[in-house]
Amino acid sequence: DLFDEKVLYDKIAYNIKLITMQKKFENVLREPFSRLGLHEKHDWMPLPWKGVFNKVLYMDRVTGATIELAHVKKGNTFPEHYHTCVQSLFLVSGKLETNDSKIVQGTFNIIPAGKLHGPFHALEDSIQFKYFSSVPVYILKDGSCFIYKENGMTMDAGKLELGDHLKLDNFIQEFLKK
């Protein structure tokens, strides 16, 4: 029967397509990146600013949600910046100073998406435990933009042309109002 062979051929072709699609999705929907156990066995990765390092402990490869440790060495400054997602910050050790306050060990803060925060000047070697609700993107006031890779390294994403929006307290909320 030619008809039965055609039906069989179509079913085989359909199954091959399903298997091929499944393989493609398996490559995209991989397990999250994680560094479990003692963090001391993982190296600090340098960020683009002198004396500032991080260790990404977890990154969801689908949502971008990220957990990291950040280390600012005494005397160095993590510059003033924005993120495109919510960030939480817990100071595990050390002491930091911003333009208007001191942050001591045990302090917990939540920073809304688009909220200008920092600079964080380290009065002592400081380690922060951070959570980002999506891939960490650092946008400096001059428009310089850095995006995390899953291992904590950053890529320079160039300069954003957001004009006066980068002079605002929260560039996302103000941008959406217009």
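The values are calculated or read from the model by the stated rules, or taken from the named source; none is laboratory data. In this text the structure is predicted, and so the values were computed from the model without any measurement. Reconstructed Cβ throughout: ideal geometry from the backbone, glycine too, with neighbour counts over all protein chains shown. Each accessible area value is taken on the protein alone, full model and side chains, heavy atoms only, with ligands, DNA and RNA left out. Shrake-Rupley method; radii C 1.70, N 1.55, O 1.52, S 1.80 Å.
The table that follows gives values for the structure above.
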item: Estimated FRET transfer efficiency when R0 is 22 angstrom, pair His42-Met155 (beta carbons, to 0.05); result: 0.65
item: Inter-site label distance for Asp125 and Ala13 at 7 Å from Cα along Cβ, in nm; result: 6.6
item: Relative packing of 35-46, 130-141, which averages over residues the other C-beta atoms within 10 Å, highest first; result: 130-141, 35-46
item: Solvent-accessible area per residue for segment 49-157 (1.4 angstrom probe, square angstrom); result: 42
item: Rough spin-label spacing in nm, given labels placed 7 Å along Cα→Cβ, for Phe33 and Asn170; result: 2.9
item: Within segment 54-117, trypsin sites (Lys or Arg not before Pro) in DSSP loop having at most 14 other beta-carbon neighbours inside 10 Å; result: Arg61, Lys74
item: Of Lys74/Lys115; Lys115/Lys141; Lys95/Lys130; Lys102/Lys130, pairs whose Cα-Cα distance is over 20 Å; result: Lys74/Lys115
item: Calculated FRET value between Lys102 and Arg61, using beta carbons and R₀ = 30 Å, to 0.05; result: 0.25
